[in-house]
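**Q** The structure under discussion is supplied below as structure tokens; questions concerning it will follow.
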Amino acid sequence: MSVLLSDQKRQIVQFHAVFINNVVMACLNREMLPQLEEMLQQTAQHGWDSLVAAIRLIAHGRRDASVLQGLDEEDRTIAEAILIGISDPSTLPDPEAKPDPAMAAPGLAQMINAAGKGNAQALQMLSLMAEQMVRAGDDMAKLGAVMGRLVNGERDADKLASGMGAQGQALVYGILAELGKLALH
């Protein structure tokens, strides 16, 4: 599956790998549907109502493209990965794999740009990502800690990457480069 996806979609799928795997397993093992419903209720509380509605349709047997209607790109990517994973579990993303930071820059920059322009869903997603980054530790924790500053317009690479290792600095510089491209459009 990853060969067919753009870098941004691959990053989305990998970021949500555990969630996607859990949904597919519940769809394939009906005894897990109560746990799935509990997970979906929590997901809906975080503002993912459209995705949750689509997953409920999938869990109840709908497998056609109509379940994707009305979803934004991120939700659609997650739902597509679930549908493909149900039909071929070998395509499921590895829930233990860590997302490639180099691939993360364009997607993060787009979310930061959208959040900076007032997109509530992008802001919410960044908030969740920042929490996960802080828990991951090291450079990811430092990046998670500066997400709010990026959303609020901070573009000083030295300040943002302060105290990070080479990989973290490269990710910050990549995000800033992508933000610069977005500002030109």
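The values are calculated or read from the model by the stated rules, or taken from the named source; none is laboratory data. Given the structure is predicted, the values throughout are model-derived calculations rather than measurements. Here Cβ is always computed from backbone atoms with ideal geometry, including for glycine, and neighbour counts include all displayed protein chains.
**Q** Consider G148 carefully, then state whether it is of a type outside the set (F, W, Y), in contact with a Ser or Thr (Cβ under 9 Å, 6 or more places away or on another chain) and surrounded by 12 or more Cβ atoms within 10 Å (Cβ to Cβ).
**A** Judged against the criteria, G148 is a match.
**Q** Now a separate question. In segment 116-146, what residues are more than 14 Å from L160 (Cα to Cα), among the basic types (K, R) and at pLDDT 85 or above?
**A** Within segment 116-146, K117 is the sole residue that qualifies.
Okay, residues lined up against (1) without any contact (Cβ under 8 Å) to a residue 12 or more places away in the chain; (2) out of contact with any Pro (no Cβ under 9 Å at 6 or more places or on another chain); (3) in a helix (DSSP H, G or I); (4) in the same structural domain as S50 (by TED's automatic domain parsing):
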site	(1), (2), (3), (4)
L123	no, yes, yes, no
A130	no, yes, yes, no
V134	yes, yes, yes, no
E154	yes, yes, no, no
L176	no, yes, yes, no
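**Q** Could I ask something else about it? Name the residue, out of Q167, Q69, that is assigned by TED's automatic domain parsing to the domain that holds V23, more than 21 Å from Q45 (Cβ to Cβ) and polar (S, T, N, Q). Explain how you work it out, then say what you get.
**A** Numbers: Q167 fails: assigned by TED's automatic domain parsing to the domain that holds V23.
So the residue among Q167, Q69 that is assigned by TED's automatic domain parsing to the domain that holds V23, more than 21 Å from Q45 (Cβ to Cβ) and polar (S, T, N, Q) is Q69.
**Q** Moving to a separate point now. Of the numbered conditions (1) in the same structural domain as L128 (by TED's automatic domain parsing); (2) surrounded by 17 or more Cβ atoms within 10 Å (Cβ to Cβ), G118 fails exactly one; give the number of that condition.
**A** (2)
**Q** Would you please name the residue that is modelled with the lowest pLDDT, looking only at residues in segment 160-185 that are hydrophobic (A, V, I, L, M, F, W, C) and within 15 Å of M133 (Cβ to Cβ)? Steps first, answer last, please.
**A** We begin by selecting, within segment 160-185, every residue hydrophobic (A, V, I, L, M, F, W, C); these are 160-161, 164, 166, 170-172, 175-177, 179, 182-184.
From the residues that got through so far, the ones that are within 15 Å of M133 (Cβ to Cβ) too are 160-161, 164, 171-172, 175.
Values: L160: 95, A161: 94, M164: 93, L171: 89, V172: 93, I175: 93.
Only one residue tops the list, namely L171.
**Q** Another one. Among the residues of segment 94-105, is any in contact with a helix residue (DSSP H, G or I) (Cβ under 8 Å, 6 or more places away or on another chain), more than 19 Å from V18 (Cβ to Cβ) and surrounded by 19 or more Cβ atoms within 10 Å (Cβ to Cβ)?
**A** The answer is yes, given that some residue of segment 94-105 is in contact with a helix residue (DSSP H, G or I) (Cβ under 8 Å, 6 or more places away or on another chain), more than 19 Å from V18 (Cβ to Cβ) and surrounded by 19 or more Cβ atoms within 10 Å (Cβ to Cβ).
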